[in-house]
Amino acid sequence: MACKLHRVRYYNPKPVQVNCVAFNKSNKLLALARQDASIEIWDLNYAPYLIKCIPGVENTSVEALGWVNERLLSTGLGGALVEWDTDKLSIKYTVMLTGYAAWCLDVNSAKELVAVGTEQGYVNLYSVENDEIVYRKLFDKQEGRIICCKFDQPGNILATGSIDSIRVWNVETGQATCRISVARRGKETIVWCLAVLSDGVVVSGDRYGRLTFWDSNLGDQIESYTTHKRDILCIAVSDDENSMYLSGVDPVIVQFVKVKSGSNKQTSANWVKNVQRNIHEHDVRALAINGEKLISVGADGYLTLSSYPPKWVMRIPPMVPYPRSSVCAGKKLLLLRYSNYLEVWKLGSYAVNKNGNVILNNTNIKKEIKQENTRTQLEEDTEVIAPNEIDRHDKKQKQTLKLTEQPLKLVSIQAKGKKQIKCCELSPSGELVVYSTESHIRMLKLECDDESNISLTKVLISGITCCDRVAFTADSRTLVACCSGELKILQVDPEAGATVIQTIACDKYLKTKSILHLVVSKVTPTSYIVAADTMGRIAVWIKKAKKFEFYVTLPKYHCVLSAITIDDRRETLIVVYVDQKIVEYSLVDKQVTSSNKAELHAEWSARTAPVVSLSAHPLRDALVLEDDVSLWVLDNNTTSDFEEQPSAPKKKQKWFKKLQTTGLHVIPLKYLSGFHWLGDDEAVTLEILPENIVSQLPPGIGSKKHAL
Amino acid sequence: MAKLHNYHVLCPLIDQNSFLGVARDELDENVVVTLGRNVVNKYRLSDQKQIGGWTSKDHLTSAVIFDKEQDSYVGVFNKNTIKMWKDDSCSLDKSKKYKFSVNIMKLIPRDSEPSIIIFENGNCASLAYALDNRKTYENKLLVKDSENIVDVACYKIHKTDYICYVIKNSKDSYDIMTCSLRDELGDMEKSKLNKIKVARTDSTNAHVIGKFISIEQNSAVYFMWSDSKITQYDLAKKSWKTIGLVTWISTTTSVSMAWMGNDNLILFGCNTDQDGAIIVAYNVILGVGSCRYPMKMYSENAKLYCFHGRIILEASNHIGMLPFVLEINRNLSSLLGSHEITQDDTMEIANWDTPVNPMFNYPKEVKSLLKLGLTERSMCAQVIAKLVEQDDINKINEIIRKFVDVPESIIAMLLNYAIKKINPSGIDITNHEEVVKLCSIESKPFTLLQYLFGIGFSDAMLIPCLRNGISLDSSMFLLTYILYLLVDSDIKLNSHYESKLIDWCTLLMDSFYQQNLLTKDEKVTHVLKNVQNVVCNLIDQLTAIDNSLPLLHKIVSGKHSEQDDRDTLPYTIELMKI
């Protein structure tokens, strides 16, 4: 039976551009900072998955990031060097810098020293050994702001770039050993980015799109290439120093490779232009290399991974971190989370005829909009599945229902102090909305019996100030919140308020204090609370009498889990890890029941995107898994009702038949940002169309075609 | 002043040698481009989009035109055949052929009369007449074999149609041949054929490098000479005149010319360094270049046109389009330095025997002054000052209109005089109703004021006069009155006068800038706020027009679709198998 799917496409949070990234090679964590000063930490060990998000504060900025082993440092226009507590997701330590606003930061390879370049031309050198930040030295003041700085491999010299000049410093003495003038033709030349190679060559990218190689001892120019039409903003050099990538305002990513030439005695290495890739349409702000893959970020807000060869691109769209929506199935309410406000919508309803059947929209004259990408010949995402085939299949089946009511926005809730929201939830009864910023938790009672009379009243919460994750039990009378490694159970009464009745410390069962997933069982005979941390540990608590007691921890697995759910009917816990492994764990028997058959499918294991959420199918023994671009339906028993598919030309259907018989069904939805069941045959999807992201971005440089 | 905007490519050129020309389409904003021997395209100038086009198996030999009388496009094929087709016809090969025994040179469209066919032998006829009599058409040679028609145009003097040819002969010298045309038939009245040799009065050995028959503002033939001089042969007065020098263009190569409007010629030639090209807008009345526009590539004998506020130029591999604006010349000072004077060594015999009576009408008040040989300014100053003393407003109203060049001091004096006459001190100028009541009285002082605002002046000279001659209160009244003229009055203002009024507002505020700043008078604030409101309001209206124009265009062209419901959210409920 077909499912009635509410496709919500009006959820368009403003994409926020990425300012900078720092990649930690040892644990493959990527930290990226956006324009709104929020910092995201992505795990790139398997499928790239967002594990931590530090909300930004208004009027602050993060201009540069750096990893010192497991510690994350940042600096910005506020003129401070900040160390972040990646467990509690808050500031751990702050040092004020000399020279006002800071533009750049670099950590030496031994992870001992941090250099920060500032507006007034001071290089601040700090020692970061032994979990401390200790002031080491201030380099001689130079004219003009320092825009970029880089240590060499041994950490003896530091190169800094500013307007019209590059300086090479002796880190030991703090004195400049060489000043390279970059100015040309009397025009101001900004050196945006630098790289220092092990043979003492300094590579610079500047405002005029020039990539220049300099001798750091003599200050001579070795070679210069004009590779871009506009500013080069970033250079990334591979570990073996055999290739480098560069890009910038002109968003073409150009690769240079080192080529050895000459006879046996005199071998000289030359850098030559290799491939160039059209992946971005907007400024590329930062590049990082993760093994074979190139990470590029910029003004479009996407986190883009690419490689060549094989030619492969994967784009992760800018979205509000998970969980970003929540539904009340009974009242058909939808809670949407934006950066610093929430919206509650009442979903539309469809027309039903006398027999109780739905009425189809006959006047469905929507034209197929074929997007022609002639403008820049942008490289498409490399997808595992052939999307065209599915599209065609999908369009044939597309049946739109006649709407009797349009969706209606009931309320818009501004977060307290306009701070960014960390988590939010709508109670299953639809009457309570709870959200938390980094400093405040708020609960609001929503009354909307009749559309003209909508009211919001504050419900008092005591015993808790903020939380990272929050969940309601099915009766909406108990709230579970987790904050800095503790689970708080709150008794909720919409009139009297919410109070903490039990506090559970998780440190015994989990490895870190930052909890990634919090699930509360809905209709199982006994209530379970499941919490999972960012290291992949999962612990379960069970309700006994009045209190929750620790029940079990799941077996360890080598990677982070990306989604978790409780199958209420069978009392099993289903976990998807970022390496696409699906594990089913029986809560009654306290053991792993089976690994899902999905792993047998080549299509499943070939996936590169993580599952963002999953849910059990309410009618069949099947799982519905969601990633950014598609919805996957996995049937556990292979003989599903898919045999009744309309018979299309055999060739086209071949691939589908194969999937259907194996019980795998893929629905492409780009970009899917949420999926919720509303009933047995009704569901809601949140879709952010790529063109809606693009339309909210500032225009890229583009190329005007008409003017001479 | 002329200002040329950004250069656009109208369309690529297939082959420069086979390009035949551009003609005006049915609508002003479209042009018909005869790209090659078998391709004709229509383009819209505003967005450079192709809006139609035809191809033909037969070879076109001259530019296709749109004939308003027949409401169809007319083209010359294989030099001797004419075909006509409508806008909606898809193939040219099927349209009816009209074959002539004489070779046709080109077609000239005319605005209200039928188009003219020009034959290679120099004869011409209106299109309809020629088609009817194509079999029997006479075949008398008007130009010799050694001669060559290089330009031809039709013009009108005193309701009589004329045709003008510029003919180049084998010795590289030029002749102008003019002849009146018979009504309807459009052929020449041979008895009135007139031939003028193109030569310079001063015996230099300069040769012609550019020629152009202007028919729009005045009927004249312009020649550009190799010593950079531009001369004009006035077709009405039948006289020669030297316009001036254009030193920005290299004279070693040919120069293309066209008429831009508002006394401006447009010239395209090689630049003086001979490493590129240049477009020059040249004011033929003042004899100065009013705008220069450098270009990358020069092409010899490039075809140059001016349609609908745009210059159309044939370039090496495309047809370019340059939108421009022409402003009524208000500030001569902006042209200072653009005029180069070179010593003219040639001798001219002057006739000093001037007639006793001047050739123009003059009021009797200045008769005595004329004899003294005073300038217009000083005459005006003397006469008007005397009249003001006598307090004769009727006379002032009458006499002031006789002068073109009015001294700024007199303007200030008259303003003061008129205000004194009106005596606005009795009313409260912050009270809008009172003001309207006062200003709506039609009286002599108001007529004088209205005329004064239209007189041309120099800002720099008027400001001190205003500062000295007018009180702050009077300036406030003047501002209020200008606002009344702009907003409340029923008087029809032309755009030129309106822009003058706005200039006066600026000028009055400039002159009393410090007083306006320092005074805390509420009256001043009120008036200035009023000015601001009016200006903002006008700007709003302009933006409103700007916004609604595209919509109106869409409606006119019938392309406006019913507004799709934008209020509906991007939201659907679909049936899908999950």
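The values are calculated or read from the model by the stated rules, or taken from the named source; none is laboratory data. Since the structure is predicted, the reported quantities are computational estimates derived from the model, not experimental observations. We place every Cβ from the backbone using ideal geometry, glycine too, and count neighbours over all the protein chains shown. Ligands, DNA and RNA are excluded from the accessible area calculation, which covers all protein heavy atoms including side chains. Shrake-Rupley method; radii C 1.70, N 1.55, O 1.52, S 1.80 Å.
Are any of the residues in the stretch A:76-91 in the same structural domain as A:Asn24 (by the TED database), closer than 13 Å to A:Cys20 by Cβ and not charged (D, E, K, R)?
Checked against the condition, which is being in the same structural domain as A:Asn24 (by the TED database), closer than 13 Å to A:Cys20 by Cβ and not charged (D, E, K, R), the stretch A:76-91 yields at least one hit.
Applying the selection to the stretch A:25-46, what residues are part of a loop (DSSP other than H, G, I, E, B) and either of a type outside the set (Gly, Ala, Ser) or crowded, with 22+ Cβ neighbours inside 10 Å (or both)? Full working, then the answer.
Applying the first criterion (part of a loop (DSSP other than H, G, I, E, B)) to the stretch A:25-46 yields A:25-28, A:35-38, A:44-46.
Correct list: A:Lys25, A:Asn27, A:Lys28, A:Gln35, A:Asp36, A:Ala37, A:Leu44, A:Asn45, A:Tyr46.
So which residues in the stretch A:417-440 are charged (D, E, K, R) and either over 24 Å from the mean Cα position of the chain (by Cα) or not assigned by the TED database to the domain that holds A:Leu334 (or both)? Working first, answer last.
If we filter the stretch A:417-440 for residues that are charged (D, E, K, R), which is where we start, we get A:418-419, A:422, A:425, A:431, A:438.
Hit for the stretch A:417-440 is A:Glu431, nothing else.
Among the numbered criteria (1) within 22 Å of B:Ser115 (Cα to Cα); (2) open to solvent by 10 Å² or more (accessible area, probe 1.4 Å); (3) among the β-branched types (Val, Ile, Thr), which single criterion is violated by B:Val64?
(2)
Could you check how many residues of the stretch B:100-120 are within 16 Å of B:Val40 (Cα to Cα) and open to solvent by less than 40 Å² (accessible area, probe 1.4 Å)?
At the first step, the residues of the stretch B:100-120 found to be within 16 Å of B:Val40 (Cα to Cα) are B:106-107.
Applying the additional criterion that residues be open to solvent by less than 40 Å² (accessible area, probe 1.4 Å) yields B:107.
So the answer is 1.
Filter the stretch B:1-25 down to the residues that are hydrophobic (A, V, I, L, M, F, W, C), under 28 Å from B:Gln70 (Cα atoms) and away from every other protein chain (no Cβ under 14 Å), then identify the one that is most open to solvent (accessible area, probe 1.4 Å). So that I can check it myself, show each step before the final result.
Just the residues of the stretch B:1-25 that are hydrophobic (A, V, I, L, M, F, W, C), to begin with: B:1-2, B:4, B:9-11, B:13-14, B:19-20, B:22-23.
So of that shortlist, the ones also under 28 Å from B:Gln70 (Cα atoms) come out as B:10-11, B:19-20, B:22-23.
Then keep just the ones that are away from every other protein chain (no Cβ under 14 Å); that gives B:19-20, B:22-23.
Numbers: B:Phe19: 7, B:Leu20: 42, B:Val22: 10, B:Ala23: 8 Å².
Among those residues, the one meeting the criterion is B:Leu20.
Being surrounded by fewer than 21 Cβ atoms within 10 Å (Cβ to Cβ), modelled with pLDDT of 75 or more and more than 14 Å from chain B (Cβ to nearest Cβ), is that true of even one residue in the stretch A:642-663?
Initial filter on the stretch A:642-663 (surrounded by fewer than 21 Cβ atoms within 10 Å (Cβ to Cβ)): A:642-662.
Restricting the remaining residues to those that are modelled with pLDDT of 75 or more gives none.
Within the stretch A:642-663, none of the residues are surrounded by fewer than 21 Cβ atoms within 10 Å (Cβ to Cβ), modelled with pLDDT of 75 or more and more than 14 Å from chain B (Cβ to nearest Cβ).
Condition check: within 14 Å of chain A (Cβ to nearest Cβ) and buried (at least 20 other Cβ atoms within 10 Å of the Cβ). Does B:Tyr43 satisfy that?
Working: within 14 Å of chain A (Cβ to nearest Cβ): yes; buried (at least 20 other Cβ atoms within 10 Å of the Cβ): yes.
Criteria met by B:Tyr43.
Given A:Gly56, A:Gly66, which one is surrounded by 21 or more Cβ atoms within 10 Å (Cβ to Cβ), in a strand (DSSP E or B) and of a type in the set (Gly, Ala, Ser)? Reasoning before the result, please.
On the way: A:Gly56 fails: in a strand (DSSP E or B).
The match here is A:Gly66.
Restricting attention to the stretch A:407-434, which residues are open to solvent by 10 Å² or more (accessible area, probe 1.4 Å) and out of contact with any Phe, Trp or Tyr (no Cβ under 7 Å at 6 or more places or on another chain)?
A:Val411, A:Lys416, A:Gly417, A:Lys418, A:Lys419, A:Gln420, A:Lys422, A:Ser429, A:Glu431
Using the structure shown, decide if B:Asp28 is more than 23 Å from the chain's Cα centre (by Cα), open to solvent by 50 Å² or more (accessible area, probe 1.4 Å), modelled with pLDDT under 85 and acidic (Asp, Glu). Give the derivation first.
On the way: more than 23 Å from the chain's Cα centre (by Cα): no; open to solvent by 50 Å² or more (accessible area, probe 1.4 Å): yes; modelled with pLDDT under 85: yes; acidic (Asp, Glu): yes.
No.
Before we move on, is A:Thr512 outside the structural domain of A:Glu571 (by the TED database), under 15 Å from A:Val588 (Cβ atoms) and modelled with pLDDT under 90? It would help to see each step written out before you state the result.
Working: outside the structural domain of A:Glu571 (by the TED database): yes; under 15 Å from A:Val588 (Cβ atoms): no; modelled with pLDDT under 90: yes.
So A:Thr512 does not fit the description; no.
Looking at B:Leu415, B:Leu466, B:Leu387, B:Leu448 in this structure, which one is in contact (Cβ under 8 Å) with a residue 60 or more places away in the chain, open to solvent by less than 30 Å² (accessible area, probe 1.4 Å) and not hydroxyl-bearing (Ser, Thr, Tyr)? Working first, answer last.
On the way: B:Leu466 fails: in contact (Cβ under 8 Å) with a residue 60 or more places away in the chain; B:Leu387 fails: in contact (Cβ under 8 Å) with a residue 60 or more places away in the chain; B:Leu448 fails: in contact (Cβ under 8 Å) with a residue 60 or more places away in the chain.
B:Leu415 is the lone residue from the list that is in contact (Cβ under 8 Å) with a residue 60 or more places away in the chain, open to solvent by less than 30 Å² (accessible area, probe 1.4 Å) and not hydroxyl-bearing (Ser, Thr, Tyr).
Is there a residue being in contact with a Lys or Arg (Cβ under 7 Å, 6 or more places away or on another chain) and either open to solvent by 50 Å² or more (accessible area, probe 1.4 Å) or β-branched (Val, Ile, Thr) (or both) anywhere in the stretch B:198-218?
If we filter the stretch B:198-218 for residues that are in contact with a Lys or Arg (Cβ under 7 Å, 6 or more places away or on another chain), which is where we start, we get B:206.
Now restrict to residues that are either open to solvent by 50 Å² or more (accessible area, probe 1.4 Å) or β-branched (Val, Ile, Thr) (or both): none.
Within the stretch B:198-218, not a single residue is in contact with a Lys or Arg (Cβ under 7 Å, 6 or more places away or on another chain) and either open to solvent by 50 Å² or more (accessible area, probe 1.4 Å) or β-branched (Val, Ile, Thr) (or both).
Hey, can you tell me all the residues within the stretch A:539-556 that are touching a strand residue (DSSP E or B) at 6+ places or on another chain (Cβ under 6 Å) and not in a strand (DSSP E or B)?
Hit for the stretch A:539-556 is A:Leu554, nothing else.
If A:Ala2 meets every condition in (1) free of Cβ contacts under 8 Å to residues at least 60 places away in the same chain; (2) open to solvent by 10 Å² or more (accessible area, probe 1.4 Å); (3) on the phi < 0 side of the Ramachandran plot apart from one, which number is that one?
Tallying (1) free of Cβ contacts under 8 Å to residues at least 60 places away in the same chain; (2) open to solvent by 10 Å² or more (accessible area, probe 1.4 Å); (3) on the phi < 0 side of the Ramachandran plot, A:Ala2 fails exactly one: (1).
For the stretch A:181-213, what are the residues that are among the polar types (S, T, N, Q), within 34 Å of the chain's Cα centre (by Cα) and open to solvent by 10 Å² or more (accessible area, probe 1.4 Å)?
So in the stretch A:181-213, the residues among the polar types (S, T, N, Q) come out as A:181, A:189, A:198, A:204, A:212.
So of that shortlist, the ones also within 34 Å of the chain's Cα centre (by Cα) come out as A:198, A:204, A:212.
The answer is A:Ser198, and nothing else.
State all residues of the stretch B:469-487 that are in a helix (DSSP H, G or I) and either open to solvent by 10 Å² or more (accessible area, probe 1.4 Å) or of a type in the set (S, T, N, Q) (or both); if no residue qualifies, say none.
Our first condition is that a residue be in a helix (DSSP H, G or I); within the stretch B:469-487, this holds for B:469, B:472-487.
Result: B:Gly469, B:Leu472, B:Asp473, B:Ser474, B:Ser475, B:Thr480, B:Leu483, B:Tyr484, B:Leu486, B:Val487.
When the stretch B:488-519 is examined, which residues are found to be free of Cβ contacts under 8 Å to residues at least 12 places away in the same chain and part of a loop (DSSP other than H, G, I, E, B)?
Selection gives B:Asp490, B:Lys492, B:Leu493, B:Asn494.
May I ask you to list the residues in the stretch A:12-25 that are of a type in the set (S, T, N, Q), more than 14 Å from every other protein chain (Cβ to nearest Cβ) and touching a residue at least 60 places away in the same chain (Cβ under 8 Å)? Walk me through it before giving the result.
Keep residues of the stretch A:12-25 that are of a type in the set (S, T, N, Q), which gives A:12, A:17, A:19, A:24.
Restricting the remaining residues to those that are more than 14 Å from every other protein chain (Cβ to nearest Cβ) gives A:17, A:19, A:24.
Listed by number, the residues that qualify are A:Gln17, A:Asn19.
Among residues belonging to the stretch A:682-699 that are within 12 Å of another protein chain (Cβ to nearest Cβ) and not in a helix (DSSP H, G or I), point out the one that is surrounded by the most Cβ atoms within 10 Å (Cβ to Cβ).
A:Ile688
Residues of the stretch B:71-99 being closer than 27 Å to B:Ile311 by Cα and open to solvent by 20 Å² or more (accessible area, probe 1.4 Å), which ones?
Correct list: B:Asp71, B:Lys86, B:Asp87.
Please enumerate the residues belonging to the stretch B:222-243 that are assigned to a strand (DSSP E or B) and touching a residue at least 60 places away in the same chain (Cβ under 8 Å). Lay out the reasoning, then the answer.
Looking only at the stretch B:222-243, we keep the residues that are assigned to a strand (DSSP E or B), and these are B:222-225, B:229-234, B:239-243.
Answer for the stretch B:222-243, where residues must be assigned to a strand (DSSP E or B) and touching a residue at least 60 places away in the same chain (Cβ under 8 Å): just B:Tyr222.
Please enumerate the residues belonging to the stretch A:610-622 that are away from chain B (no Cβ under 11 Å), in a strand (DSSP E or B) and open to solvent by less than 10 Å² (accessible area, probe 1.4 Å).
Here is the first cut: in the stretch A:610-622, the ones away from chain B (no Cβ under 11 Å) are A:610-614, A:616, A:621.
After this cut, where a residue has to be in a strand (DSSP E or B) as well, the list is A:613-614, A:616.
Within the stretch A:610-622, no residue meets the criteria.
Across the stretch B:186-220, what is the total count of residues that are assigned to a loop (DSSP other than H, G, I, E, B) and touching a strand residue (DSSP E or B) at 6+ places or on another chain (Cβ under 6 Å)?
Of the residues in that region, 9 qualify.
In the list A:Arg9, A:Arg71, which residue meets the criterion of being within 14 Å of another protein chain (Cβ to nearest Cβ) and either more than 19 Å from the chain's Cα centre (by Cα) or basic (Lys, Arg) (or both)?
Going through A:Arg9, A:Arg71 in turn, the sole match is A:Arg9.
Tell me yes or no: at least one residue of the stretch B:226-235 is out of contact with any helix residue (DSSP H, G or I) (no Cβ under 8 Å at 6 or more places or on another chain), open to solvent by 60 Å² or more (accessible area, probe 1.4 Å) and at pLDDT 85 or above. Steps first, answer last, please.
Taking the stretch B:226-235 and keeping what is out of contact with any helix residue (DSSP H, G or I) (no Cβ under 8 Å at 6 or more places or on another chain), we get B:226-235.
Add one more test, that the residue is open to solvent by 60 Å² or more (accessible area, probe 1.4 Å), and what stays is none.
Taking every residue of the stretch B:226-235 in turn, none turns out to be out of contact with any helix residue (DSSP H, G or I) (no Cβ under 8 Å at 6 or more places or on another chain), open to solvent by 60 Å² or more (accessible area, probe 1.4 Å) and at pLDDT 85 or above.
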